[in-house]
Amino acid sequence: MSEFCFTINGVRHCFPLPMLVDPGHIRRPPPNNMPPLELAVTVLELVKVAGDSELARELTSAANRYVEVLQRQLPKGVEITLGGHTAT
């Protein structure tokens, strides 16, 4: 668990950091799937919920770059569609 901790007058105080996703619901995809693509899509959906922040923009950029590279490697006529938008 991630925590935010600080010390006041020699006493350490820690508070758990809330998570947007319940780790109990995270499953590892079967080996026949494409875990990196599934991770990229999951990140893009998560940052939509998390709201606008520098971290969200960086994660979105990294995930989109990955999908764009993958899209260029696919055969002609095959495309990846993200949330109603085709990756180019």
*Going through the range 8-29 one residue at a time, which ones are under 23 Å from V49 (Cα atoms) and surrounded by 10 or more Cβ atoms within 10 Å (Cβ to Cβ)?*
V21, P29
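Only residues that are exposed (fewer than 15 other Cβ atoms within 10 Å of the Cβ) and outside any helix (DSSP H, G or I): list them for the range 60-82, please. Talk me through it step by step, then tell me what you get.
First, pick out the residues of the range 60-82 that are exposed (fewer than 15 other Cβ atoms within 10 Å of the Cβ): 61-62, 65, 68-69, 72-79, 81.
Matches in the range 60-82: L74, P75, K76, G77, V78, E79, T81.
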_Those residues of the range 28-59 which are part of a loop (DSSP other than H, G, I, E, B) and of a type in the set (A, V, I, L, M, F, W, C), in sequence order_ = M34
*Is there any pair with a first residue in the range 35-52 that is more than 16 Å from R65 (Cβ to Cβ) and a second that is in a helix (DSSP H, G or I) whose Cβ atoms are under 8 Å apart and which are 6 or more apart or on different chains, and what are they?*
L46/L59; A50/A56
*Would you be able to say whether some residue in the range 5-20 is in contact with a helix residue (DSSP H, G or I) (Cβ under 6 Å, 6 or more places away or on another chain) and without any contact (Cβ under 8 Å) to a residue 24 or more places away in the chain?*
no
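Bear in mind that the values in this text are calculations on the coordinates, not laboratory data. All figures in this text were calculated on a predicted structure; none of them were measured in a lab. All Cβ positions, glycine included, derive from the backbone under ideal geometry; neighbour counts span all protein chains shown.
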